[in-house]
Amino acid sequence: WKAVLTISKNTGVVDVVMDPRDPDLLYAAAYQRRRHVWTIINGGPESAIHKSTDGGATWKKLAAGLPTEDLGRIGLAVSPQNPDVVYATVEAADGKGGFYRSATRGESWEKRSGYFARSAQYYAEIVPDPLQFDRVYAMDVYMMVTDDGGKNFRRLGESSKHVDNHALWI
């Protein structure tokens, strides 16, 4: 193994997704976090989205349209129907977090709504539907879903199971 994206001792990569058309096109979410019994650092200036076009040999930080405040946990996903579209759930300071969508392979982002997981350090995974474009499932205490690329979210339903959703297989 070779570390190809290192930030600092307090910041690691928590999510990596790949363009299904091009295995050299990668997106990575860095999360600045340190937890001790006496404190938690949950975000900071080193949290960010990075992009590689050469299989991870080099990385570029993406920022256009994303919050300029300190970021926290970020969840990433690439649309299986249109891999130019990348989704991100972004925790950010000063209420700037939310659900972001890029139609330009991450080069620019649009905030679609204020939704992000209730406790982003535990829930940040997002899963695009393989058949319906812009339907994205969000892991959370109650599983959420959007049918319009993140503009509106609704609960999926928890009638036959306990809450606490961390993964989804479609």
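The values are calculated or read from the model by the stated rules, or taken from the named source; none is laboratory data. Please read these numbers as outputs of a predicted model, since none were measured by experiment. Every residue, glycine as well, gets a Cβ built from its backbone with ideal geometry; the counts of neighbours run over all protein chains shown. Heavy atoms of the whole protein, side chains included, go into the accessibility calculation; ligands, DNA and RNA do not. Shrake-Rupley method; radii C 1.70, N 1.55, O 1.52, S 1.80 Å.
The table below lists the values:
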item: Derived scalar couplings ³J(HN,Hα) [the range 164-170; Karplus, 6.51 cos²θ - 1.76 cosθ + 1.60; whole Hz; x for Gly, Pro]; result: 5, 9, 10, 8, 8, 10, 10
item: Where labels lie 7 Å past Cα in the beta-carbon direction, separation of LEU168 and GLU69 in nm; result: 2.6 nm
item: Filter on LYS9/LYS61; LYS60/LYS151; LYS96/LYS161; LYS9/LYS60 - keep pairs with C-alpha separation over 23 Å; result: LYS60/LYS151; LYS96/LYS161
item: Radius 15 Å from Cβ of ARG73, net charge of other residues (Lys, Arg +1; Asp, Glu -1); result: -2
item: Stokes-Einstein translational diffusion, the range 1-141 - Kirkwood Rh over all Cα pairs, 1.002 mPa s, 20 °C, in µm²/s; result: 142 µm²/s
item: Per-pair calculated FRET efficiency, R0 = 41 Å: GLU110 and SER160 via Cβ, rounded to 0.05; result: 0.70
item: Distance between the range 7-40 and the range 85-134 - C-alpha centres, whole angstrom; result: 15 Å
item: From phi via Karplus (6.51, -1.76, 1.60), per-residue ³J(HN,Hα) for the range 56-72 in Hz, x at Gly/Pro; result: x, 5, 9, 9, 10, 6, 9, 9, 4, x, 8, x, 8, 6, 4, 9, x
item: Derived scalar couplings ³J(HN,Hα) [the range 104-119; Karplus, 6.51 cos²θ - 1.76 cosθ + 1.60; whole Hz; x for Gly, Pro]; result: 10, 6, x, 6, 9, 10, 10, 6, 8, 6, x, 6, 8, 4, 4, 10
item: The chain: relative contact order in percent, alpha carbon pairs under 8 Å with at least 6 residues between; result: 14 percent
item: Probe 1.4 Å, all protein chains present, accessible-area order of MET139, MET18, MET144, largest first; result: MET18, MET144, MET139
item: Residue with peak Gaussian network fluctuation, the chain [Cα springs, cutoff 10 Å], from ALA93, ALA29, ALA117; result: ALA93
item: DSSP loop GluC sites (Glu not before Pro) with at most 15 other Cβ within 10 Å: longest gap in the chain; result: 1-68
item: Where trypsin sites (Lys or Arg not before Pro) in DSSP loops with at most 15 other Cβ within 10 Å are excluded, longest remaining stretch of the chain; result: 22-117
